[in-house]
Structures are given as structure tokens and as C-alpha cells.
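*Asks:* Pasting a structure below so you can have a look.
The values are calculated or read from the model by the stated rules, or taken from the named source; none is laboratory data. As the structure is a prediction and not an experimental result, all values here were calculated from the model. So basically every Cβ, Gly included, is an ideal-geometry build from the backbone, and we count neighbours across all protein chains shown.
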Amino acid sequence: MASQFSEAPPSLRSGVVRPGFRVDPRLLWAIGIALLLLPLFTAESYRLFQLTLAAIYAIAILGLNLVTGYNGQISLGHGAFYAVGAYVAAIMLDKLSLPWWSTLPAAAVICGIVGWGIGRPALRLGGLYLALTTFSLAVAVPQILKYKGIEDWTGGVQGVLVTKPDAPFGLPLDVDQFLYLVTVGIALGVFVLARNLMASRIGRAMMAIRDHALAAEAMGMDIANLKTATFAVSAMITGLAGALSAIAVEFVSPDSFQATLSITLFVGMVVGGVASIIGPIFGGLFVVFVPNLAEEISKSAPGVIYGCILIAFLFVLPGGVAGLLRRLPALLRRR
Amino acid sequence: MSGNSAALLEVRDIVIRFGGVTAVGGVSFDVGRHQICGLIGPNGAGKTSLFNCISGFYRPSEGQISLEGQKISDLPRHRMMGLGIGRTFQNLALFRSMTVRQNVLAGAHSQGKAGFLAAALRLPSSTREAREAEERARALLAMLDLEQFAEIPVAGLPFGWQKRVELARALISRPKLLLLDEPAGGLNHSEVDALAELFHDIRRQFDLSILLVEHHMNLVMRVSDKVVALNFGRKIADGTPAEVRATPEVISAYLGEQAHAA
């Protein structure tokens, strides 16, 4: 019966057949893991700290990308979840003297609950209104953290000091190496889980709702529940990153979580690639290293340099780094 | 479930008002099991309003709609697919950034159960149901000759092919009732000719009923077992294509100009 339909135009057909530019995924994994382990042996401790921070930002940006990139709910307030996660970790370590690893699931769960609480009413807000509402969250959180009534826990303006954990079982690693390993391991786990999620019916539903809400409903997708749950999961992941950041930086204070942090995460998402799983890795590297680079180029106006690099990036890579990687096979073939 | 004699879809005394305007004023009809039913009427007759009511997108102001004896007119929209009502849209409502295959798989959403956790951890239950859905998607893509485009973003396909993706997306959940909103709209002659045969094939293979709203009179009369004609929000005829074509009200309201022309 199909042959009775008109044939597709040849332009489409030629684009369909993909000649064999394929890399064995196992090889990619091996290269990736080797690259991740390399800094342990080569990088000095400050560089290792920067890489740890980049991995943490990558996790946070991944969280943002789930809700904004894949589900189409623009959040300019994810720094708030990052801050809550960081404070949960700091308070658990400093005030309750709990083991460092226990702070990570706790921060994730608490941020997930907060995310659910914010995601539910946010359903009524579309597009720019949601963006502004989440942004007001980002503006409010640093001030809430200074609130006198909770000063005993949060340390008020002073913040809370914590210490990095030592490597257990007498492993021959210093604190920075150990934390790098932990962070990269957690990041790897979160990224694999996110990839699985996005390849599943849930991931498809998230994208379907973004693309056409009415049709998504007709396909049996419960938009209210899916959007709220996506917001919660997204907050969970970003909160987990926040907890890691408290441990890595060994300090939390209201000033570490200004509203610009939310914008930084957003920039990382766009630079890395909206609605991409690996994009946030490049986003994390960008937001950690490019400001430093800008500072090296010009001490007096690093913001200007940063802005120029950012614009150049968006100009050269409109789909983010992930967009370039997606086009790479085609570009190589054309040679 | 009601007995064999009962209709699959029962539409009873449906009234739809928008503000002070009555778009549909008390329409009743049935769609039987395995039946292809055409819903026709001139522009503004209320077909689309009625169609949207059956697919759950509008709530009727009065009356009720039942599928297999179960009242569905007060259920939320996202329940319809799970109950066995699949639909296509008049002006295409595909997930444009997703590939053809992803679009078709999205149609299987209501048949899956895996939640966030099961999907992220790839629990056996979730991978099993994903494999089943992928198998059905593969079969549908093959049946509709869409395999070659499976990995292309759907927005890149020509209109007629996108309509086929919509059909595959509606069929993957194995609906009992398929609602088609102007399936011939925007298609060329040969494509419309192929549709009638396609609908009969689909009915046979998927064991379903079809309700279509369609302007293309030729197609409706050729493909339908039963035709319901509306005018000014009221039913003016209900019967076989031959009966409906012979009804004086239909001739004057709808086929009149065509009869003159012929």
C-alpha cells in the first residue's frame, strides 16, 4: 500500500543513508575514562581543584538542562537549588558532624522536595513568566540565608567553614586527588542515569511536552505530573552538585550564591548545548576556565573579555559544543 | 464491558456552547465496533467541536460520551489514549525536534509504566517494555514505508509524510477507536486515493473503529460504512453513504451545489 503514496523528494533520501562513520562506543568510553584519570597524575592541586569544580558545575548544568533544555521550562533560578544543596552539606558536616558522603543523598532529597514545591505552582506560569519567577528565587535566596532567625545553623553573613575529607582505607591520594576522583565518579554516574532517562519513555515525554503540549496530552502524557517531577529531579541534581561544591570549596556563605550563579549555570547550558547530555561537561569547563582566561588577558576588564569570548562562542557554535559534535561526522565526511 | 450488540462509541445529546453561541445543539450517534464512520457537514456545522469533544479536548456543556459503556466525557484528556482513543490532528501536531522514530514511540507512552527511577536505572521491567514499544514502532514504520526516515527530525519531512508519522504515532498504542481530523487535508490526488485502501487495511490489521471528520466527500463516501451529517450544530442524516447522499436535507445543505454542478 505504501508505494501508492508519492515518493519522497530525492534531497531527503540522499540525506538518510549514513555511510559508516562509526566509532566503537567501548573505545570512546576507554578514552573518556583515561582522560578523566589523567589529571590525577599530571595536574597540580590547584588545577585539580578547578577540574573538580568544573565537574561539579557540569552536574549542576545537567540538572538545569533537564528542566530547561529537554522540558522547555526556563529556569533562571537554579543557583538557589545549588545554594540549598551546599548549605545542607555544610550544616550536616559542621553542626551535626555527619560523614561527608551522607550529605550528598540528603542534599539531593531536600532539593528534590524543594524543587517539587516550586515546580507545582510554577506549572501555571509559561515561558518568560516562569523565567522571571525562578530568577526572583535566585535573588531572594542569598538574603534568606543571611536571616537572623536561622543564623545558628547558617552562620549568617559569616557562612560555614568545612574541611575536605581524607582519602579512606589508606589510599595513596591527597585530599584534592580524592575529591576529584569522588566528584568525577559521581558525575559519571549522574550523567549515565540522565542519559538512560532521556532515552526512555519519560525522556521522550519531557521533550514531547516541550515541543507540543496539546499533542503530548493526546498521547496520554500527564503534563502536570511530568513537569513537576522533571522540575524536582532537576533541582535534585543541581542540589547534589551544590553539596559537592560546599565540600570542594570548604566554605559556604550567602555571597557565594548570588543571583549571577543562576545566570552562570544558564550560560554553561547554552554554551555546552541545550537539550544535550554531554553538553553540560563543556559548559562546566567553560564557566570555570573562561573567566580565569579572561582575567589573564585583562586584569582591569575581565568582564568585557568574558563577554567577547561568550559572544564568539555562540557565533561560531550556535548549537553549543554538543551541536558541533553532532555535526562532526558530516563535516569530516565532506572533506 | 457491555454486550456485543452495544456500540463502541456512544454519543448522547451532546450540546457544546461557547459563550452564548451553541456550536453543537444536541447530537447523538453511535460508532459500532469495526466500523468506519464519517462525520460530515458544511463549514461551521460543528463537526470539529464535536470531534474535539470526543477526543477529550472540550467538555460538552450537556450530554455524555461513552466508550464501551464507560462514560469518558468527564475524564482528563491524557486518559483518552490509555482508554483506547487515538487521534491525529488537522494541521499536524508532531513533536518537531524529535525524530520520526521518537515521535512514533511517544505514541506508546500510555502503554508504558516505567517511572523516572525505573527508566534511569534501566530496571528489567523498563527495558522490557521499551523493547516491546520499539518492536511495534519498527513494524509500523515498515508498514507505512517510513523506515528510511526513522532517524530524521520529523520537521524535515514533507507534509504528506508527516501525516503518516501522525498516523503511526496514533496506531502504536493499538487504539480501539481512531479519530482522524481531516486526514485528506493537504494531500494530493494520488495520496487521497491511497488513503481509502489504507484505512481498510488499518481497520483489518488493528481491529479498530475509525471516526473521521473530512471535507473530501469522495473519500468519505467511499471509505465509510456509516455517515453522520451535521448542519448548524444538528444532526440532519445518519446512515449508509447511499442513504445520507439521498437525504434531502443533506442535498440542500451540503451537496446541493455539487448536485447542481453535476
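*Asks:* Across region B:115-139, what is the total count of residues that are surrounded by 21 or more Cβ atoms within 10 Å (Cβ to Cβ) and of a type in the set (A, V, I, L, M, F, W, C)?
*Replies:* 5
*Asks:* Here's something else I'd like to know. Kindly indicate which of A:ILE186, A:ILE202, A:ILE209 is touching a Ser or Thr at 6+ places or on another chain (Cβ under 9 Å) and in contact (Cβ under 8 Å) with a residue 40 or more places away in the chain.
*Replies:* Answer to the selection: A:ILE209.
*Asks:* Moving on to the next point. Could you say which residue among A:ILE247, A:ILE305 is buried (at least 17 other Cβ atoms within 10 Å of the Cβ), part of a helix (DSSP H, G or I) and over 21 Å from the mean Cα position of the chain (by Cα)?
*Replies:* Among A:ILE247, A:ILE305, only A:ILE305 is buried (at least 17 other Cβ atoms within 10 Å of the Cβ), part of a helix (DSSP H, G or I) and over 21 Å from the mean Cα position of the chain (by Cα).
*Asks:* Restricting the first residue to region B:209-222 and requiring it to be assigned by TED's automatic domain parsing to the domain that holds B:LEU50, which pairs with a second residue that is among the β-branched types (Val, Ile, Thr) meet a Cβ separation below 6 Å and a spacing of at least six or different chains?
*Replies:* Every condition considered, the pairs that remain are B:SER209/B:VAL31; B:ILE210/B:ILE36; B:LEU211/B:VAL31; B:GLU214/B:VAL220; B:LEU219/B:VAL192; B:VAL220/B:ILE40.
Conditions (1) more than 7 Å from chain B (Cβ to nearest Cβ); (2) buried (at least 20 other Cβ atoms within 10 Å of the Cβ), marked per residue:
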{"position": "A:ALA194", "(1), (2)": "yes, yes"}
{"position": "A:ALA199", "(1), (2)": "yes, no"}
{"position": "A:ARG204", "(1), (2)": "no, yes"}
{"position": "A:MET207", "(1), (2)": "no, yes"}
{"position": "A:ALA215", "(1), (2)": "no, yes"}
{"position": "A:MET221", "(1), (2)": "no, yes"}
{"position": "A:ASN225", "(1), (2)": "yes, no"}
{"position": "A:THR230", "(1), (2)": "yes, yes"}
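*Asks:* Residues B:ASN52, B:ASN103, B:ASN91: which one is of a type in the set (S, T, N, Q), modelled with pLDDT under 95, under 23 Å from A:HIS212 (Cα atoms) and not assigned by TED's automatic domain parsing to the domain that holds B:ASP30?
*Replies:* Of B:ASN52, B:ASN103, B:ASN91, the one residue that is of a type in the set (S, T, N, Q), modelled with pLDDT under 95, under 23 Å from A:HIS212 (Cα atoms) and not assigned by TED's automatic domain parsing to the domain that holds B:ASP30 is B:ASN91.
*Asks:* Of all residues in region A:180-214, which are of a type in the set (Gly, Ala, Ser) and part of a loop (DSSP other than H, G, I, E, B)?
*Replies:* Hits for region A:180-214 are A:ALA199, A:SER200.
*Asks:* Scan region B:151-174 for residues that are over 23 Å from the mean Cα position of the chain (by Cα) and either within 9 Å of another protein chain (Cβ to nearest Cβ) or under 18 Å from B:PHE89 (Cα atoms) (or both) and jot them down.
*Replies:* Scanning region B:151-174 gives B:GLU151, B:ILE152, B:GLY156.
*Asks:* Here's another thing I want to ask about it. Among (1) surrounded by 21 or more Cβ atoms within 10 Å (Cβ to Cβ); (2) closer than 22 Å to B:GLY26 by Cα; (3) not polar (S, T, N, Q), which single condition is B:ALA170 missing?
*Replies:* Tallying (1) surrounded by 21 or more Cβ atoms within 10 Å (Cβ to Cβ); (2) closer than 22 Å to B:GLY26 by Cα; (3) not polar (S, T, N, Q), B:ALA170 fails exactly one: (2).
*Asks:* Return a yes/no flag: does region B:153-164 have any residue that is touching a Gly at 6+ places or on another chain (Cβ under 6 Å), among the small types (Gly, Ala, Ser) and closer than 29 Å to B:LEU219 by Cα.
*Replies:* Within region B:153-164, none of the residues are touching a Gly at 6+ places or on another chain (Cβ under 6 Å), among the small types (Gly, Ala, Ser) and closer than 29 Å to B:LEU219 by Cα.
*Asks:* Need the failing condition index for A:GLY79 against (1) without any contact (Cβ under 8 Å) to a residue 40 or more places away in the chain; (2) closer than 25 Å to A:THR230 by Cα, just the number.
*Replies:* (1)
*Asks:* All but one of (1) over 23 Å from the mean Cα position of the chain (by Cα); (2) facing chain A (nearest Cβ under 7 Å); (3) of a type outside the set (A, V, I, L, M, F, W, C) hold for B:GLY107, so report the exception by its number.
*Replies:* (1)
*Asks:* Can you go through A:VAL175, A:VAL162, A:VAL190, A:VAL184 and tell me which one is under 19 Å from A:ILE61 (Cβ atoms) and either small (Gly, Ala, Ser) or away from chain B (no Cβ under 11 Å) (or both)?
*Replies:* A:VAL184
*Asks:* Where residues in region B:58-101 are more than 13 Å from chain A (Cβ to nearest Cβ) and among the small types (Gly, Ala, Ser), which of them is surrounded by the fewest Cβ atoms within 10 Å (Cβ to Cβ)?
*Replies:* Among those that are more than 13 Å from chain A (Cβ to nearest Cβ) and among the small types (Gly, Ala, Ser), it is B:GLY69.
*Asks:* Looking at B:VAL220, B:VAL228, B:VAL165, which one is in a strand (DSSP E or B) and either at pLDDT below 90 or not acidic (Asp, Glu) (or both)?
*Replies:* After ruling out the rest, the residue left standing is B:VAL228.
*Asks:* From the list B:GLY26, B:GLY32, exactly one residue is within 17 Å of the chain's Cα centre (by Cα) and outside the structural domain of B:PRO158 (by TED's automatic domain parsing). Which is it?
*Replies:* B:GLY32
*Asks:* I'd like to check something: does region B:35-55 contain any residue that is under 29 Å from B:ALA7 (Cα atoms) and at the interface with chain A (Cβ under 8 Å from one of its Cβ atoms)?
*Replies:* Yes, region B:35-55 contains at least one residue that is under 29 Å from B:ALA7 (Cα atoms) and at the interface with chain A (Cβ under 8 Å from one of its Cβ atoms).
*Asks:* In region B:139-150, how many are closer than 20 Å to A:MET207 by Cβ and assigned to a helix (DSSP H, G or I)?
*Replies:* 3
*Asks:* Give just the number: which of (1) more than 10 Å from every other protein chain (Cβ to nearest Cβ); (2) farther than 28 Å from B:GLU191 by Cβ does B:ALA114 not satisfy?
*Replies:* Status for B:ALA114: all satisfied but (1).
*Asks:* Would you check which residues across region A:279-335 are small (Gly, Ala, Ser) and touching a residue at least 12 places away in the same chain (Cβ under 8 Å) and list them?
*Replies:* A:GLY279, A:GLY283, A:GLY284, A:ALA294, A:GLY319, A:GLY320, A:ALA322, A:GLY323
*Asks:* Among the residues of region A:55-86, how many are surrounded by fewer than 24 Cβ atoms within 10 Å (Cβ to Cβ) and in contact with a Leu (Cβ under 6 Å, 6 or more places away or on another chain)?
*Replies:* Residues that pass the stated criteria total 1.
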